[in-house]
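The values are calculated or read from the model by the stated rules, or taken from the named source; none is laboratory data. This is a predicted model, so every value here is computed, not measured. Here the Cβ positions follow ideal geometry from the backbone for every residue, glycine too, while neighbour counts run over all protein chains shown.
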């Protein structure tokens, strides 16, 4: 069985331009999740930040990736934290 999370999926594709469909799907998934901290919420926020890098400029991208890191830190899940930190780095580069 292969386990992929939103962060893994974000890292596995080429993002050289904006993908409005991906942004909409991620945002829809986030709207349906409870607002409580969860690995799924952190992963989706990290994936969204990666997409926003090419879409809306640095401010929303930075805020979104920072929220993903904050959630991962509160959950104290080292693998999740490493994943979202990697995406924060990529989104801020």
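General remarks:
- Selected residue (only one of 18, 74, 88 is in contact (Cβ under 8 Å) with a residue 24 or more places away in the chain and not in a helix (DSSP H, G or I)): 18
- Search result, residues across the range 29-71 that are under 18 Å from residue 17 (Cβ atoms) and in a helix (DSSP H, G or I): 47, 48, 49, 50, 51, 52, 58, 60, 61
- Checked against the criterion of being crowded, with 17+ Cβ neighbours inside 10 Å, within 9 Å of the chain's Cα centre (by Cα), over 18 Å from residue 18 (Cβ atoms) and at pLDDT below 90, the range 80-93 contains one or more residues that satisfy it.
- Set 62, 36: member being surrounded by fewer than 22 Cβ atoms within 10 Å (Cβ to Cβ) and either in contact with a helix residue (DSSP H, G or I) (Cβ under 8 Å, 6 or more places away or on another chain) or touching a residue at least 40 places away in the same chain (Cβ under 8 Å) (or both): 62
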